[in-house]
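Participant: Have a look at this one before I ask anything.
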Amino acid sequence: MTLCQADRSALLIIDPQARLLPAIHDGDDVVRRLVQLATAARELGIPVIGTEENPDGLGPNVFAVRELCDRTVAKFFFSAVSEPGFLEQLPAGRDTLVVAGCEAHVCVMQTVARLLEAGRPVKWVSDAVGSRRAFDRDAATARARSLGADIVTTEMVVFEWLETCKHPAFRSVLQLIR
């Protein structure tokens, strides 16, 4: 695996829906990390794509995340990749997908598995994925690694995107994670 490169990355945030989040283990921390990632991505010119599972039934993503997405895609398959035309909607030239969201062992896992099958490199942001039970999140992380996803953390991704303390956005992005 390689380091995350800002000019080759897109951030994919899976289903952090407001109705679901109160049941997510450490849900407030997951949302905080999602906001950090999405805010940093926007500041660095990295596309941010969100998904919402059955939004008519489960409602929209939490507002703090939804407002940071360049686009939000409604889906009904657990794997976003199984939605017709989903892969074609991903930004051209962005071959590495940084993936986070809920639930780790269902929609995030199935999306990541299908992305890897499609030959797309994936960075699984381990501190920005959540499930109702911690053991489901942990099992999904282990499985994602075994399938070929690179396991990273929010800070790893952000500092790899920045690459240097001389980056013009270094100080402002640093404030997001400190």
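The values are calculated or read from the model by the stated rules, or taken from the named source; none is laboratory data. It should be emphasised that the depicted structure is a prediction, and the values quoted were computed from it without experimental measurement. Neighbour counts run over all protein chains shown; Cβ positions are idealised from the backbone, glycine included.
Participant: Within the range 70-77, can one find any residue that is buried (at least 20 other Cβ atoms within 10 Å of the Cβ) and of a type in the set (A, V, I, L, M)?
Facilitator: no
Participant: Determine which single condition Ser146 fails, assuming it passes every other condition in (1) within 14 Å of the chain's Cα centre (by Cα); (2) of a type in the set (S, T, N, Q); (3) surrounded by fewer than 21 Cβ atoms within 10 Å (Cβ to Cβ).
Facilitator: It fails just one condition, (1).
Participant: Here's something else I'd like to know. Cβ-Cβ under 7 Å, sequence separation 6+ or interchain: first residue in the range 135-147 and among the acidic types (Asp, Glu), partner assigned to a helix (DSSP H, G or I). Which pairs?
Facilitator: Asp136/Ala104; Asp136/His105
Participant: Just for the range 149-162: of the residues that are hydrophobic (A, V, I, L, M, F, W, C), out of contact with any Phe, Trp or Tyr (no Cβ under 9 Å at 6 or more places or on another chain) and touching a residue at least 24 places away in the same chain (Cβ under 8 Å), which one is surrounded by the most Cβ atoms within 10 Å (Cβ to Cβ)?
Facilitator: That would be Val157.
Participant: Looking only at the range 19-73, count how many residues are more than 15 Å from Cys102 (Cα to Cα) and basic (Lys, Arg).
Facilitator: 2
Participant: Can you name the residue in the range 38-70 that is assigned to a helix (DSSP H, G or I), of a type in the set (D, E, K, R) and under 15 Å from the mean Cα position of the chain (by Cα) and, of all such residues, is nearest to Gly93 (Cα to Cα)?
Facilitator: Arg42
Participant: Among (1) surrounded by 17 or more Cβ atoms within 10 Å (Cβ to Cβ); (2) under 15 Å from Ala18 (Cα atoms); (3) out of contact with any helix residue (DSSP H, G or I) (no Cβ under 6 Å at 6 or more places or on another chain), there is one condition Leu58 misses while meeting the rest; what is its number?
Facilitator: Evaluating Leu58 over (1) surrounded by 17 or more Cβ atoms within 10 Å (Cβ to Cβ); (2) under 15 Å from Ala18 (Cα atoms); (3) out of contact with any helix residue (DSSP H, G or I) (no Cβ under 6 Å at 6 or more places or on another chain) leaves (1) as the failure.
Participant: Condition (residue is out of contact with any Ser or Thr (no Cβ under 9 Å at 6 or more places or on another chain) and in a helix (DSSP H, G or I)) applied to the range 97-113: is it met by at least one residue?
Facilitator: As a first pass, look at the range 97-113 and keep what is out of contact with any Ser or Thr (no Cβ under 9 Å at 6 or more places or on another chain): none.
Scanning the range 97-113, I find no residue that is out of contact with any Ser or Thr (no Cβ under 9 Å at 6 or more places or on another chain) and in a helix (DSSP H, G or I), so the answer is no.
Participant: In the range 146-164, is there at least one residue being outside any helix (DSSP H, G or I), in contact with a Leu (Cβ under 7 Å, 6 or more places away or on another chain), of a type in the set (A, V, I, L, M, F, W, C) and closer than 22 Å to Ser9 by Cα?
Facilitator: Quick first cut of the range 146-164, residues outside any helix (DSSP H, G or I) only: 148-153, 163-164.
Now drop any that are not in contact with a Leu (Cβ under 7 Å, 6 or more places away or on another chain), which leaves 148-149.
Still in the running and of a type in the set (A, V, I, L, M, F, W, C): 149.
Within this subset, residues satisfying the condition of being closer than 22 Å to Ser9 by Cα are 149.
Within the range 146-164, one or more residues are outside any helix (DSSP H, G or I), in contact with a Leu (Cβ under 7 Å, 6 or more places away or on another chain), of a type in the set (A, V, I, L, M, F, W, C) and closer than 22 Å to Ser9 by Cα.
Participant: Could you check, for the range 110-120, whether at least one of its residues is within 18 Å of Thr154 (Cβ to Cβ), touching an Asp or Glu at 6+ places or on another chain (Cβ under 9 Å), buried (at least 23 other Cβ atoms within 10 Å of the Cβ) and not hydroxyl-bearing (Ser, Thr, Tyr)?
Facilitator: no
Participant: Restricting the range 123-145 to residues that are assigned to a helix (DSSP H, G or I) and aliphatic (A, V, I, L, M), which is farthest from Thr2 (Cα to Cα)?
Facilitator: Result: Ala134.
Participant: Something else: Mind checking whether some residue in the range 100-116 is at pLDDT below 95 and of a type in the set (A, V, I, L, M)?
Facilitator: No, that holds for no residue.
Participant: Continuing with the same structure: Restricting attention to the range 5-37, which residues are under 15 Å from the mean Cα position of the chain (by Cα) and small (Gly, Ala, Ser)?
Facilitator: Across the range 5-37, the qualifying residues are Ala6, Ser9, Ala10, Gly27.
Participant: Can you pull out the residues in the range 4-37 that are β-branched (Val, Ile, Thr), buried (at least 24 other Cβ atoms within 10 Å of the Cβ) and assigned to a helix (DSSP H, G or I)?
Facilitator: Correct list: Val30 only.
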